[in-house]
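Each remark here refers to the structure printed beneath this line.
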Amino acid sequence: MCGIVGAVAERNVQGILLEGLKRLEYRGYDSAGMAVQSPEGTLQRCRAVGKVVALEERLVTEPLPGRCGIAHTRWATHGKPSEANAHPHRSGERVVVVHNGIIENHEALRHELLDAGYAFDSETDTEVVAHLVDRESRDGVDLLTAVQHALARLEGAYALAVMHADQPDVIVGARKGSPLVVGVGIDEAFLGSDPLALLQVTDRFIYLEEGDVVRLSSRGGVAVCDAAGQSVEREVQTFEHADGAASKGDYRHFMLKEIHEQPAVIAAALEGRLGERSVLVESFGPEAEALFGRVRQIHIVACGTSYHAGMVARYWLERFAGVPVQVEVASEYRYRQVVVPEGTLFVTLSQSGETADTLAALRFARTRGYLASLAICNVPGSSLVRESDLTLMTQAGPEIGVASTKAFTTQLAALMLLTLALGRVKGLDGGVQAELVQALRGLPGLVASVLKLDPQIEALSMAFAEKQHALFLGRGAHFPIALEGALKLKEISYIHAEAYPAGELKHGPLALVDSEMPVISVAPNDELLDKLKSNLQEVRARGGELFVFADERVKLEEEEGIRVLRLPHVHEALAPILYTVPLQLLSYHVAVLKGTDVDQPRNLAKSVTVE
């Protein structure tokens with residue numbers, strides 16, 4: 001959740017570090033700080049509670065010039081948001097550290113270090129790392145070795161960046177369970193939690209692997225050791241996404257920009273993966289066709305929005321591939337006795353590829369006898385991608401807004417590709433395959449048509465300005481879309497929202513319906529339409545105000561208490577993707593009316609890298 005930036009260069013790095021922190025704001029944080037090695041060799045530090053702009057203002061009067069530095073945005077886990085708890089943390093005047101993750105044995109280490117004479121200035125788990133490194137660096141031990149010795153004492157997850165006053169122009173980084181990348185420049189080197197933080201200075205990156213420790217030094221020196229302490233070479237990769245993705249452009253918020261990018265990114269997700277009449281199974285890897293032929297069951301594991309995508313996929317996979325599917329919340333999956341039938345494919349979904357619970361589930365799954373693992377992810381080089389047997393990249397580009405939009409719809413597109421690839425191997429009728437492939441080709445254009453309804457959706461949002469609660473309804477594959485719509489509304493507008501299968505109204509939720517409870521429903525033209533209409537009448541009979549997003553071919557007229565927005569006709573199997581878009585726009589406009597922080601809603605982070 002937190003963000004790390006580091007730089008060793010032949011120029012002043014304060015501006016580089018500050019810009020990196022700004023680019024990491026989307027991850028969620030409550031304080032920010034920076035430490036730079038001054039030209040005199042001392043470690044100077046500046047910290048501030050709140051947004052990065054507060055740190056920037058302080059740096060105007062307390063600048064930190066120097067060629068080597070580290071910086072951090074913190075999301076509180078141990079200790080309240082305060083300047084004392086903000087990173088970087090230090091040990092005396094010799095060592096400074098920034099840290100993402102959680103040190104699980106920090107209490108025992110704190111007592112040990114207190115007994116050794118160290119004083120603590122914060123409530124954080126991170127400060128123990130600074131003191132451990134300081135203790136290990138006594139007697140002239142180089143910083144890399146000191147950090148390696150300190151790491152041997154740590155339990156938990158971390159990404160670290162460390163500097164030492166006696167070793168100028170050197171930063172040591174380490175990762176275990178939390179992402180960290182090295183940016184490779186010309187005679188300079190950088191560290192970041194995310195490549196996005198460093199795109200202003202380089203597009204060439206080394207993605208550190210689990211257990212790696214890296215030493216950055218002057219003149220662009222980069223040396224990597226693996227978990228066993230052996231020197232290794234890691235591939236330098238060119239980042240594929242344009243730097244412009246980090247700019248809002250002409251849009252008011254990143255979220256709105258990302259909603260409007262969906263026609264292009266869905267097209268990118270499909271590009272090169274569709275044949276004339278079927279999905280190219282080879283898109284999943286050279287061994288995918290033989291592997292898919294052995295699949296007898298699928299377990300999908302994900303968190304949040306990605307979990308909703310998995311729920312939609314269950315309907316598709318069981319219908320078109322004839323394979324039973326189980327969908328699990330990643331944070332719950334490994335805390336029960338999982339039964340893995342023979343021939344089960346383990347599928348993970350993640351925008352970042354660094355979601356802590358999803359990664360932990362994948363690592364747990366390796367011990368359970370699965371046939372293979374498949375990651376559907378948006379970030380090349382991420383841990384989830386590197387550690388899975390098969391991968392399919394969603395091609396959504398960087399997503400800055402905390403509330404996921406384009407990552408969700410591209411995940412759905414990728415999951416339909418998986419459905420049709422498995423269906424092809426399992427003998428799905430060729431005509432059905434060709435029909436769905438043709439529908440997929442037309443999907444980006446249909447999404448673009450829905451986006452043109454934005455002014456009408458903005459007008460609908462006015463009805464929610466003073467509401468405190470909302471109920472979303474859907475049937476079949478649209479129940480997960482209702483869940484996703486409710487999640488978006490609560491995430492960014494802070495309106496309490498729930499979602500139910502429409503057929504469950506009489507089993508409890510109907511008791512909530514009155515004139516103050518707006519009810520939002522999606523009404524595609526499918527086999528459940530008539531049943532849905534009956535459910536909506538139950539709402540109307542109790543005085544509920546209905547907002548229905550309906551297929552243009554559906555016979556559902558507006559009347560008092562029922563407002564209908566018509567969407568273009570779409571193949572009913574792909575309707576969940578299309579019907580997501582107006583719910584995103586509705587949530588966005590309601591949040592704007594409420595005056596909330598749309599891109600960085602309170603208490604939430606974009607990349608959840610701790611359990």
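Just so it is clear, none of the values below were taken in a lab; they were calculated from the coordinates. Keep in mind the model is a prediction, meaning the values are calculated, not measured. Reconstructed Cβ throughout: ideal geometry from the backbone, glycine too, with neighbour counts over all protein chains shown.
Nearest 0.05, what FRET efficiency do Gln456 and Arg336 give at R0 = 51 Å with Cβ-Cβ as r? The pair Gln456/Arg336 has a calculated efficiency of 0.65.
Distances between placed amide hydrogens fall under 5 Å for Asp125 paired with His78, all partners being 5 or more residues away or on another chain. Using bins of 20 Å that start at zero, the share of Cα-Cα pairs per bin across the chain amounts to 20, 49, 27, 4, 0, in whole %. Measuring nothing but how far apart in sequence close Cα pairs (under 8 Å, 6+ apart) lie, relative to its length, the stretch 1-46 scores a relative contact order of 32 percent. Let me test this: with uniform point scatterers at the alpha carbons of the stretch 186-337, what is the Debye-based log₁₀ I(q)/I(0) at q = 0.11, 0.14, 0.18, 0.21 1/Å? Taking Cα atoms of the stretch 186-337 as identical point scatterers yields -0.78, -1.14, -1.23, -1.25. Each peptide among 484-495, 308-319 gets the average number of other Cβ atoms lying within 10 Å of its residues, and from highest to lowest they stand as 484-495, 308-319. A simple spin-label model places the labels of Glu10 and Arg366 4.1 nm from each other, with each point 7 Å out along Cα-to-Cβ.
In whole angstrom, how far apart do the alpha carbon centroids of the stretch 50-119 and the stretch 585-603 sit? Using only Cα atoms, the two centres lie 31 Å from each other.
Computed from backbone phi with θ = phi - 60° and the Karplus coefficients 6.51, -1.76 and 1.60, the 3J(HN,Hα) list for the stretch 203-215 is 10, 10, 9, 10, 8, 5, 9, 4, x, 5, 10, 10, 10 Hz; x is used for glycine and proline. For the chain, take the longest principal axis of its alpha carbons; what is the angle in degrees between that and the long axis of helix 406-426, to the nearest 10 within 0 to 90? The answer is roughly 70 degrees. When +1 charges are put on Lys and Arg Cβ atoms and -1 charges on Asp and Glu Cβ atoms, the dipole computed for the chain relative to its Cα centre reaches about 780 debye. Rounded to the nearest whole angstrom, the semi-axes of the ellipsoid equivalent to the stretch 3-238, taken from the Cα gyration tensor as √(5λ), stand at 23, 21, 17, largest first. Placing unit charges on the Cβ atoms of the charged side chains and taking the dipole of the stretch 3-238 about its Cα centre, the candidate lying farthest along the positive direction among Val201, Gln148, His131 is Val201. For the pair Glu282 and Ala108, label points projected 7 Å from Cα toward Cβ lie 5.3 nm apart.
Taking every DSSP beta bridge that has both ends in the chain, the antiparallel portion is near 60%. All Cα-Cα separations within the stretch 376-512 were binned at 10 Å from zero, giving a P(r) of 10, 27, 34, 23, 7, 0, each value a whole percent of the pairs. Once the Cβ-Cβ distance of His507 and Lys248 is raised to the sixth power relative to R0 = 60 Å, the FRET efficiency obtained is 0.85.
Label-to-label distance for Arg386 and Ala463 is 5.0 nm, based on points extended 7 Å past Cα in the beta-carbon direction.
To the nearest Å, what is the center-to-center distance of the stretch 197-220 and the stretch 245-277, using C-alpha atoms only? So the separation of the two Cα centres works out to 28 Å.
Against the main long axis of the alpha-carbon atoms of the chain, helix 478-493 sits at an angle near 50°. Shape of the stretch 36-168 from the C-alpha gyration tensor: oblate (a/c of 1.5 or more and a/b not above b/c, with a ≥ b ≥ c the square roots of its eigenvalues). Between helix 52-61 and the chain there is an angle of about 30 degrees, using the helix long axis and the longest principal axis of the Cα atoms. Per the Debye formula on identical point scatterers at the alpha carbon atoms of the stretch 249-428, with no solvent, log10 I(q)/I(0) at q = 0.10, 0.12 Å⁻¹ is -0.36, -0.51.
For the chain, relative contact order (Cα pairs under 8 Å, six or more residues apart, normalised by length) works out to 12 percent.
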